[in-house]
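Novice: Before I ask anything, here is the structure I am working with.
The values are calculated or read from the model by the stated rules, or taken from the named source; none is laboratory data. Keep in mind the model is a prediction, meaning the values are calculated, not measured. Because the Cβ atoms are built from the backbone with ideal geometry, glycine has one as well, and the counts that use them run over all protein chains shown. Calculation scope for accessible area: heavy atoms of the full protein, side chains included, ligands and nucleic acids excluded. Shrake-Rupley method; radii C 1.70, N 1.55, O 1.52, S 1.80 Å.
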Amino acid sequence: MPGQAYPAAPPPGGYAEVQGGGVGVPANFGLRFGAWLIDAILIGVITGILGAGIGGFGRFLGFLIGIAYYSYLEGERGQTLGKQVLNIKVVDQNTGGNIGLGKGVGRYFARWISAIPCLLGFFWMLWDGESQTWHDKIVTTRVVVA
């Protein structure tokens with residue numbers, strides 16, 4: 001009937017409903033791995049140069065740069081350089097917005113938990129219904145196509 005309101009159609013298959021009303025297409029494993037590889041090479045080169053130049057303190061400084069890189073870029077902008085290149089973004093699963101610096105730091109360290117049991121926490125997204133890794137679940141984030 002004209003003028004009658006109908007409920008919105010559900011999102012097409014392959015989409016993930018983000019609590020708070022936003023909808024995002026989950027980034028697949030290949031995109032996430034590619035972004036990680038770009039970022040790991042970048043941070044690895046910086047850490048390697050610092051380590052070669054000033055030894056152990058340089059490697060520690062590289063570690064701190066890595067924390068700052070991931071925490072700030074994912075927290076405040078939603079994208080590291082690798083994620084920008086591959087057009088994916090980290091969002092808060094409750095709001096669909098940026099996760100903020102605090103969750104960015106938490107997400108960085110939660111990656112270690114994902115890595116401890118033979119990287120199982122990273123591969124978890126392959127069979128998880130929400131396409132989330134353990135570190136996504138710990139800090140309530142999602143990685144979606146930007």
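Novice: Name every residue in the range 53-81 that is among the small types (Gly, Ala, Ser), modelled with pLDDT under 95 and open to solvent by 30 Å² or more (accessible area, probe 1.4 Å), in order of residue number.
Specialist: Gly53, Gly56, listed by residue number.
Novice: Can you tell me which residue is surrounded by the most Cβ atoms within 10 Å (Cβ to Cβ) among those in the range 93-109 that are in contact with a helix residue (DSSP H, G or I) (Cβ under 9 Å, 6 or more places away or on another chain) and in a loop (DSSP other than H, G, I, E, B)?
Specialist: In the first step, residues of the range 93-109 are kept if they are in contact with a helix residue (DSSP H, G or I) (Cβ under 9 Å, 6 or more places away or on another chain); the result is 93, 98-109.
From what's left, in a loop (DSSP other than H, G, I, E, B): 93, 98-99.
On the way: Gln93: 22, Asn98: 18, Ile99: 25.
That would be Ile99.
Novice: Let me ask something additional. Here are some residues: Leu73, Leu61. Which one is assigned to a helix (DSSP H, G or I) and over 15 Å from Val143 (Cα atoms)? I'd like the intermediate steps shown before the answer.
Specialist: Working: Leu73 fails: over 15 Å from Val143 (Cα atoms).
Only one candidate passes the filter, namely Leu61.
Novice: Across the range 41-52, which residue is surrounded by the fewest Cβ atoms within 10 Å (Cβ to Cβ) among those that are in contact with a helix residue (DSSP H, G or I) (Cβ under 7 Å, 6 or more places away or on another chain) and of a type in the set (Val, Ile, Thr)?
Specialist: Taking the candidates together, the pick is Ile46.
Novice: Could I ask something else about it? Considering the range 110-122 alone, what residues qualify as being without any contact (Cβ under 8 Å) to a residue 24 or more places away in the chain and either within 21 Å of Gln84 (Cβ to Cβ) or open to solvent by 30 Å² or more (accessible area, probe 1.4 Å) (or both)? Give the steps one after another, and end with the answer.
Specialist: First pass over the range 110-122, keeping only residues without any contact (Cβ under 8 Å) to a residue 24 or more places away in the chain: 112, 114-122.
Those that are without any contact (Cβ under 8 Å) to a residue 24 or more places away in the chain and either within 21 Å of Gln84 (Cβ to Cβ) or open to solvent by 30 Å² or more (accessible area, probe 1.4 Å) (or both): Trp112, Ala115, Ile116, Pro117, Cys118, Leu119, Leu120, Phe122.
Novice: So, one more: Of the numbered conditions (1) in contact with a His (Cβ under 6 Å, 6 or more places away or on another chain); (2) open to solvent by 30 Å² or more (accessible area, probe 1.4 Å), Ala146 fails exactly one; give the number of that condition.
Specialist: (1)
Novice: Another question about this same structure. Among the numbered conditions (1) of a type outside the set (Lys, Arg); (2) part of a helix (DSSP H, G or I); (3) free of Cβ contacts under 8 Å to residues at least 60 places away in the same chain, tell me where Val90 comes up short.
Specialist: (2)
Novice: Considering the range 1-52 alone, what residues qualify as being modelled with pLDDT of 50 or more and touching a Ser or Thr at 6+ places or on another chain (Cβ under 6 Å)?
Specialist: Pro26, Asp39
Novice: For the structure I just gave you, tell me whether Glu130 is surrounded by fewer than 16 Cβ atoms within 10 Å (Cβ to Cβ), assigned to a helix (DSSP H, G or I) and not aliphatic (A, V, I, L, M).
Specialist: Working: surrounded by fewer than 16 Cβ atoms within 10 Å (Cβ to Cβ): yes; assigned to a helix (DSSP H, G or I): no; not aliphatic (A, V, I, L, M): yes.
The answer is no for Glu130.
Novice: Still on this structure: Within the range 61-88, which residues are farther than 17 Å from Trp36 by Cα and in contact with a Gly (Cβ under 9 Å, 6 or more places away or on another chain)?
Specialist: Keep residues of the range 61-88 that are farther than 17 Å from Trp36 by Cα, which gives 61, 64, 76.
Once the filter is applied, which keeps residues that are farther than 17 Å from Trp36 by Cα and in contact with a Gly (Cβ under 9 Å, 6 or more places away or on another chain), the range 61-88 yields Leu61, Glu76.
Novice: Now a separate question. Restricting the search to the range 76-87, which residues are in contact with a helix residue (DSSP H, G or I) (Cβ under 7 Å, 6 or more places away or on another chain) and either assigned to a strand (DSSP E or B) or within 15 Å of Arg142 (Cα to Cα) (or both)? Spell out the reasoning first.
Specialist: Kept after step one, since they are in contact with a helix residue (DSSP H, G or I) (Cβ under 7 Å, 6 or more places away or on another chain), are these residues of the range 76-87: 76, 79-83, 85-86.
Correct list: Glu76, Gln79, Thr80, Lys83.
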